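One structure is given below, encoded as structure tokens.
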Amino acid sequence: MPLKESEAIILRSYPLGEGDRLVSFLSRSTGRLRGVARGARRPKSRFGSTLEPLSHIRIWFYERETRDLVRINQCELIRSFLATQRDYAAGLGLAVISEVTEAVLPEHEPSDAAFRLLLVTAGAIERSGQIALPLAYFNLWTVRLGGWLPPLDHCASCGIEFGVEGVFASPMRPGLLCNNCRHPGMRVISPRGMTLARRILTEKLERLAEEDWPSAPVNELNAYSLDLIEHQIERKLTTRRLLEKNLESNT
Ligand SMILES: [Zn+2]
């Protein structure tokens, strides 16, 4: 049973037994894993605040061939988001990205892109205190990395190139449709929403965050990507309702 070492981001942790924690984390080298941190809830635990959600840490753990859970031996804090969690909206934003990551990534499959996306998004939320744009960036990229994003430049039905009009989407149908081909009940993505989507896929979040984006296109992309994510994982995200309430109250 060799001791493994990796960079990692904590996704969630739950109390286990009398003084332990069950920890879900994304290891940079091994992918998403779950493990047990013995004694983590005892006073003066050697884990300190390393197991808080979104903590960026260095972790040492033992993988056991016959069990799902790894044994967490030691953690060292690289970057904490504990102070950011204290703000309600920022904490909600961090909860959304950890829930989505946990839901979409299979265990034991390393994804450096997903790892970097988490850090970039959490960093942007921490810096700005804003969540709508960082989450639109995170959610759209999650859909892209999952391979679920249809082409953004033409109608999936008639093939016409999208111009300056809005386009129509539904998680139940693959592809985006033009105004002529759309079906009743589809979600509209406005021209500004489409512009933002294209820019998210080609520009850095830091750069986009320097601009003042109206909330409508940002919220459209959040709704569209979360629809696709929920369709893929075949369930509702528990943080989504809280997020939408929060985004509505800020428009
Ligand atoms: Zn069409």
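With +1 on each Lys and Arg Cβ and -1 on each Asp and Glu Cβ, how big is the dipole of the chain about its Cα centre, in debye rounded to the nearest 20?
Computed about the Cα centre, the dipole is about 780 debye.
Taking 0.36 nm per residue of sequence separation and subtracting the Cα-Cα distance, how much length would be gained by fully extending the chain between Asp87 and Glu7, in nm to one decimal?
Stretched fully, the Asp87-Glu7 segment lengthens by 26.2 nm.
If you take the C-alpha gyration tensor of the chain, multiply each eigenvalue by 5 and take the square root, what semi-axes do you get, largest first, in whole Å?
Rounded to whole Å, the semi-axes are 37, 19, 15.
At 7 Å along the Cα-to-beta-carbon direction for both Arg241 and Glu109, put a label point, then send me their distance in nm to one decimal.
Spacing of the two 7 Å Cα→Cβ label points: 3.0 nm.
What is the helix-to-structure angle for 88-104, meaning the angle in degrees between its Cα long axis and the longest Cα principal axis of the chain, kept from 0 to 90 and rounded to the nearest 10?
So the helix axis and the longest Cα principal axis differ by about 90 degrees.
First measure r as the distance between the Cβ atoms of Ser157 and Arg198, then evaluate 1/(1 + (r/R0)^6) with R0 = 22 Å and state the FRET efficiency to the nearest 0.05.
About 0.60, to the nearest 0.05.
On average, how much accessible surface per residue is there in region 84-249, in Å², for a 1.4 Å probe, leaving out ligands, DNA and RNA?
Per-residue value: 49 Å².
Using a Gaussian network model of the chain whose springs link C-alpha atoms within less than 10 Å, name the residue from Val100, Val164, Val70 with the highest mean-square fluctuation.
Val164
Which FRET efficiency value, to the nearest 0.05, is calculated for Asn180 and Glu248 with the Förster distance at 35 angstrom and r the Cβ-Cβ distance?
The calculated FRET efficiency here is 0.65.
Probe radius 1.4 Å, ligands and nucleic acids ignored: give me the carbon and sulfur share of the accessible area of region 156-251 as a rounded percent.
Roughly 49 percent, rounded to a whole number.
Would you mind getting me the FRET efficiency between Glu18 and Arg58? Use the beta-carbon distance for r and R0 = 22 Å, nearest 0.05.
My answer for the efficiency is 0.25.
Which of the lysines could a cross-linker bridge to Lys236, judged by Cα under 21 Å and excluding same-chain residues fewer than eight apart?
Lys236 reaches Lys245.
Thr50's amide H: which non-local residues (gap 5+, or another chain) put their own amide H closer than 5 Å, with H modeled 1.01 Å from N in plane and none for Pro or chain starts?
none
Only residues of region 124-159 count here: report those whose backbone N is under 15 Å from the spot 7 Å along Cα→Cβ of Glu206, or say none.
It comes to 124-128, nothing else.
The values are calculated or read from the model by the stated rules, or taken from the named source; none is laboratory data. Just so you know, these numbers come straight off a predicted model, no measurement behind them. Methodologically, a virtual Cβ is constructed for each residue, glycine included, from the backbone with ideal geometry; neighbour enumeration extends over all protein chains shown. For the accessible areas, the whole protein counts, side chains as well, though only heavy atoms, and no ligand, DNA or RNA atoms are used. Shrake-Rupley method; radii C 1.70, N 1.55, O 1.52, S 1.80 Å.
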